[in-house]
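Below is one structure, written out as structure tokens; the observations come after it.
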Amino acid sequence: MAHVEAQVAVVGGGPVGLILACELALHGVPVVVLERLPEIEWRPKAEGITGRAIDIMDRRGLMIGVTEAPATPPTAEQQERIAAGEQRPDSLLPKAFPGARHFASMFLLRPESPDLLVPQQLLEEDLARRAVELGIEVRRGHTVIGFTQDDDRVRLDVDGPDGPYQMEAEWLAGCDGGRSLIRKLSGIAFPGTDGITTGYRAFAEIDDPGFHLPGWFRKDGGLLVYEEGPPRFITLEFDGAPANRDAAITLEEFQEALRRLSGTKVTVTEVKKITRFTDNARQAETYRSGRLLLVGDAAHVHSHWSGPGLRLGMGDALNVGWKLAAVARGWCSEDLLDTYTSERHPIGEQTLEVQRASIALMRPGQHVDALRRLLTELLLRDEANRQLTALIDDLHISYDMGDPSLTGPLVGRYSPDLRLRCAGGTVRVAELQRTGRPLLLDLAADPELRALAEPWADRVDVVTAECAEAPADALLIRPDGFVAWSTPADQASLLAALTRWFGPPGPPDHPSASGGRNE
């Protein structure tokens, strides 16, 4: 039986697993990705990247410039049909238009930054290319069927195209989705709530494109979304979770759902792509067990409304990637990995609550109708609207940086993308972070500050620059974009922050494995 070694084994080659692998590779950590699918799966998945996920992509230089114009407002004919009462949609906020952010199918203010409207599969392709550039080995068609761990190693049993083999790694990252085998084998509890809905997302052809007004509509049985050219549908019915989510989806079952919700006899002539979903909401009790880390959907599942899954998983990967690299390189103790659960578990828990609320607000019935009208009135206030928009876009996140003396307004928050004037010209913070390294910004030309950080030069970039709108004289920014320290805090707290997050200065306790992979 063949034998493979890697410093980190990432199980799952979707966007989250690939982003995590790239983060590790940026720090020189050898990693192997094991993906059970032989190629990218093109069934309907996330169709856009929103909120903080766009910032993450920007700070790693991914898919730059790939944008798509938002959908156009309703035509005059469609507005007349709505005004005449034909299949009137649920109340929308006055400032909304198709393509705006929505919560429970109530549209909110358009966020200031545009969405990246691309299918998830294109993101996967871009990340796969980046992985190749970074020298990462991605093994497609390789299924992990078991693993064990002790104090020093993780041992995986893998079924590959050429037969079974074993892999040994120092660390294991489970990025294998909501039905994660890695999580199940780990014994980590996965409590939560069962689904109460069955939904379909489909690209399909129908016999009568005018069977229903395009748009989002709450119906007596649930929700119907219909978009023209090419026809795209989302249906959601409050009739319980699917009896068997693994069963093949037939044209007839989707057609019946479409007929029930539309009240028509529309005929589906062809289904091009389709997926079935529900709204079960569960979360792993911990994101770490020994040498195992759960990342993305392996750590939490929930309904897909407002597209939180990809955004939340990418945030997980950015949070844990540099920490695992610091531990693997010997810069930091394993205690640093405990901050992954303490920081990200509350964010996942909050996301589940938001998604449960979203499902509750889409239920049919007069009581929910009344609640939606009340919420709509509240959301007409800009402050409430922007607060909810920030919540569903993960723009509200703040972490405890572990030092009560750090009281600046930026500490623990995502760093602003400042435009800086450096010796080499004008540059944004996002561009400076594409190496994946921490960043100490000296915005007051302070030689004492730079001298203080010099012992960490092997792992922290120090940049002296001018900034017209500098929020502080100096900022220490973690690789995931969050501010770990800023003035007016003193130099002693800077030393503490550098040590806490990036380890004591000097050579590592155990250098990273040069890590060739052998069979």
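The values are calculated or read from the model by the stated rules, or taken from the named source; none is laboratory data. These figures come from a predicted structure and were not determined experimentally. Positions of Cβ are backbone-derived with ideal geometry, glycine not excepted, and every protein chain shown enters the neighbour counts. Calculation scope for accessible area: heavy atoms of the full protein, side chains included, ligands and nucleic acids excluded. Shrake-Rupley method; radii C 1.70, N 1.55, O 1.52, S 1.80 Å.
DSSP bridge analysis restricted to the chain gives an antiparallel fraction near 70%, rounded to the nearest 5.
The ellipsoid that matches the Cα gyration tensor of the range 396-458 has semi-axes, each √(5λ) in whole angstrom, of 21, 17, 12, with the longest given first. Were the residues from Val132 through Asn244 laid out at 0.36 nm apart, the gain over their Cα-Cα distance would be 36.6 nm. Charge tally for Glu448 (other residues, Cβ to Cβ under 13 Å; Lys, Arg +1; Asp, Glu -1): -4.
For a Förster distance of 41 Å, can you work out the FRET efficiency between the beta-carbons of Leu122 and Ala189, rounded to the nearest 0.05?
Working: r = 35 Å, r/R0 = 0.86.
With a Förster radius of 41 Å, E is 0.70.
Considering all alpha-carbon pairs of the range 245-318, what whole percent are spaced by more than 21 angstrom? Of all Cα-Cα distances in the range 245-318, 49 percent exceed 21 Å.
Do the sum for the chain: with -39,500 (n - 2.57) for every DSSP H run of n ≥ 4, divided by all residues, what is the mean residue ellipticity at 222 nm, to the nearest 500 deg cm²/dmol?
Numbers: 13 runs with 154 residues, N = 519.
That calculation yields -9000 deg cm²/dmol at 222 nm.
Taking label positions 7 Å along the Cα-Cβ direction at both Ser342 and Glu469, the computed distance is 3.3 nm, reported to one decimal. Taking amide hydrogens as placed 1.01 Å from N in the peptide plane, the amide H of Val462 sits under 5 Å from those of Leu440, each at least 5 positions away in sequence or on another chain. With a simple spin-label model that places each label point 7 Å from the Cα along the Cα-to-Cβ direction, the separation between Glu252 and His367 comes to 3.6 nm. Among the GluC sites (Glu not before Pro) in the range 172-272, those placed in a DSSP loop whose Cβ has at most 15 other Cβ atoms within 10 Å are Glu228. Each Lys or Arg adds one and each Asp or Glu takes one away; over the other residues whose Cβ falls under 10 Å from the Cβ of Val29, this sums to -1. The equivalent ellipsoid of the range 424-471 has semi-axes of 17, 15, 8 Å, largest first, where each one is the square root of 5 times an eigenvalue of the Cα gyration tensor.
What net charge do the residues around Pro191 carry, taking every other residue with its C-beta under 12 Å from that of Pro191, with Lys and Arg at +1 and Asp and Glu at -1?
Net local charge, Pro191 excluded: -2.
The residues Leu34, Leu452, sorted by heavy-atom accessible surface at 1.4 Å with ligands and nucleic acids left out, run Leu452, Leu34 from largest to smallest.
Remark: accessible surface ordering of His304, His142 (largest first) is His304, His142, probe radius 1.4 Å. Loop sites by DSSP among the trypsin sites (Lys or Arg not before Pro) of the chain, restricted to those with at most 13 other Cβ atoms within 10 angstrom, leave 1-178 as the longest stretch without any of them. Accessible surface of the chain, 1.4 Å probe: 51 percent of it comes from carbon and sulfur atoms. The slack in the chain from Glu168 to Leu374, taken as 0.36 nm per residue of separation less the alpha-carbon distance, amounts to 68.5 nm.
Computed from Cα positions, the angle between helix 308-328 and the longest principal axis of the chain comes to roughly 10 degrees. Applying the criteria of a DSSP loop state and at most 15 other Cβ atoms within 10 Å to the GluC sites (Glu not before Pro) of the range 433-483 yields Glu469.
Between 0 and 90 degrees, the angle of helix 251-262 with respect to the longest Cα principal axis of the chain falls at about 70 degrees. In the context of the full set of protein chains, residues of the chain present 43 Å² of accessible surface per residue (probe radius 1.4 Å, heavy atoms only). Relative to the longest principal axis of the Cα atoms of the chain, the long axis of helix 338-362 makes an angle of roughly 10 degrees. The candidate values were (1) 62, 60, 48; (2) 69, 54, 53; (3) 72, 62, 38; the one computed from these coordinates for Cα extents along the principal axes in Å carries the label (3).
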